[in-house]
Amino acid sequence: MSMVKTRFAPSPTGYLHIGGLRTALYNYLFAKKHGGIFALRIEDTDRNRYVPGAVESLLHVLEAMGLQHDEGPILTKEGLIEQKGSLGPYIQSERLSLYTKYAHELLERGLAYECFCSSERLESVRSQQGIAKLPTKYDRHCVTLSPEERTIKHTAGEPCVIRLKIPDGETTFDDLIRGRITIHNQEIDDQVLIKSDGFPTYHLANVIDDHLMEVTHVIRAEEWISSTPKHVLLYQAFEWDIPQFAHLPLILNPDRSKLSKRQGDVAVEDYLRKGYLPEALINFVALLGFNPKADQELYRLEELAELFDIEKVNKSGAVFMTDKLDWMNGQYIRTKTPEEITKLSQPFLKKAEIKAPEEILIKICTVEKERLVLLSDLVEKTRGYLILPTYQANLLVWKKSTKEDARLQLQNIIPVLEGFNNEITGSSALIEMALREYIEEKYLQNGNVLWPLRVALSGLSASPAPFELLWVLGKEESLRRIHKAITMLEE
RNA sequence: GGCCCCAUCGUCUAACGGUUAGGACACGGGCUUUUCAAGCCUGUAAUCCGGGUUCGAUUCCCGGUGGGGUCACCA
């Protein structure tokens, strides 16, 4: 039994789809679980879809997500692409001669044939089949071409493709998730292997590379099930060992169709940009398809790798809803220190052009941490500490109190705060102790004092406790805000 | 339409013949509380339908229904 090897083989589109993330993750987990190799291969055989910089950005997200591959293209410190591993190159556009070599081998052995049909002819064949309600497939017009006819067409410069000649019979493969799947070869089209521009199609390149790169387990999305028989036929034509297949259930839009751009954000980059943490995204997406334990929701990547079991992956698709992701993100934010959150929030604050001393930012994170769902939530929160939000005077009045009392309480608290020494103002716990003591001594009500104070300090109907606000804002700014509130209440 | 795949609370899932069908998110109520958040307690909520097999089916089989995928010189 050779070593387990999986691969994530995306086409470089410029972003990583949520479904792609999960495919990459499951490949990674399966390889790690079995002490095997996780490879990355770039499937860029469609020159019409070429996106500059796409490989680099893919490498960046994968790294941000913590999914390190053992083989494949990697980014150097200088931002250049290098290859890691001995079975490369791992970028298909750099392997073109390989594909034509194998395609010609099939040609010589009579397992494939050249086809000169124009796309116009193919379209009209298909549309006629459509009208006749027949399955749409190539009519094998070129399969009987004689060598002489082919030579004539070649010398005339007619473009041509190479097609696989699908044999009679039926094709069966075993899927680790779904079991045995059989289909009649009549259902399979004579698949193009080499396009007229000389590039291979996915089917050919994928099979050749998986074999040459010694991939043992092909883990990919369910949308590939119907083309898997073609791949099996190719392996058989080359007389190669067939890898194990595992087709993952689809990730769905709320209407249960395949997750698509039209119905919301699908790029991992979008979610990162919104302020989701990589570990939350990984955790969430891992659970879209299986759950290692019945009563646990939070898993680290290493833990998932230990517990992963491909046979326990669900068969049915999973709707992508962000409610639970939001909750998870909050959970992960809470596991971080204020210093870590401060650091992670830098890009968001920078983008919003918010500047503040690190010391203040750390205090803000300390106090707001439990209230965060997204890292980006920190933007508005931080702004509130730097600039007092505008608010209505009657917000200062507690529901069980009056405007006059609110003003009185604020006025009375000023000397108390002024009396705080540096030791007290340096700790929200000490501030709380001192203020509660004050309230108790004067026989006051918490609400009468703390509500107007909190609103004066935050300008908000909902915020952290006044003690914490005081600690973050400092004595001077706090007093300034209280004076402002008193002025508002006097009007 | 042909072929293929799938089917447990609104959503993500657990239960691989015997459970009061479990957990989580969301939602409702409560506790705590100056507000919000967090936390704790608690409530509502599901086996698509019909046949079999079996002493017994969420679970196995068949059929239906429903949903999805795929039918390119895209991956």
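Would you be able to say whether some residue in segment A:190-210 is crowded, with 16+ Cβ neighbours inside 10 Å, within 40 Å of the chain's Cα centre (by Cα) and basic (K, R)? Yes; the residues of segment A:190-210 include at least one that is crowded, with 16+ Cβ neighbours inside 10 Å, within 40 Å of the chain's Cα centre (by Cα) and basic (K, R). The helices (runs of 4 or more DSSP H) found entirely in segment A:277-378 that carry 1 or more residues being away from RNA strand B (no atom under 12 Å from the Cβ) are A:278-286, A:301-307, A:338-351, A:358-368.
Of everything in segment A:217-254 that is of a type in the set (G, A, S) and within 13 Å of RNA strand B (Cβ to nearest atom), the residue that is nearest to A:T13 (Cα to Cα) is A:A221. Among the criteria (1) over 30 Å from A:A54 (Cα atoms); (2) in a helix (DSSP H, G or I), the one A:L134 does not fulfil is (2).
Residue pairs whose Cβ atoms lie under 7 Å apart, separated by 6 or more positions or on different chains, with the first residue in segment A:36-51 and within 22 Å of A:Y26 (Cβ to Cβ) and near RNA strand B (Cβ under 9 Å from one of its atoms) and the second in a helix (DSSP H, G or I) and among the hydrophobic types (A, V, I, L, M, F, W, C), are A:I42/A:V55; A:E43/A:A205.
The residues of segment A:384-426 that are in a helix (DSSP H, G or I), touching a residue at least 12 places away in the same chain (Cβ under 8 Å) and aliphatic (A, V, I, L, M), listed by number, are A:L386, A:A393, A:L395, A:L396, A:A406, A:L410, A:I413, A:I414, A:V416, A:L417. Taking the conditions (1) assigned by TED's automatic domain parsing to the domain that holds A:L287; (2) more than 8 Å from RNA strand B (Cβ to nearest atom) in turn, A:S257 satisfies each one other than (2). Output the residues belonging to segment A:155-165 that are more than 14 Å from RNA strand B (Cβ to nearest atom) and touching a strand residue (DSSP E or B) at 6+ places or on another chain (Cβ under 9 Å). If the condition is that a residue be more than 14 Å from RNA strand B (Cβ to nearest atom) and touching a strand residue (DSSP E or B) at 6+ places or on another chain (Cβ under 9 Å), then A:K165 is the only one that fits. Inclusion of A:K400 among residues that are farther than 24 Å from A:K355 by Cα and basic (K, R) is warranted. Among the residues making up segment A:179-194, those that are within 7 Å of RNA strand B (Cβ to nearest atom) and touching a residue at least 40 places away in the same chain (Cβ under 8 Å) are A:I181, A:I183, A:E187, A:D189, A:V192.
The values are calculated or read from the model by the stated rules, or taken from the named source; none is laboratory data. Everything numeric in this text was worked out from a predicted model, so none of it was measured. Note: ideal-geometry Cβ built from the backbone for every residue, glycine included; neighbour counts use all protein chains shown.
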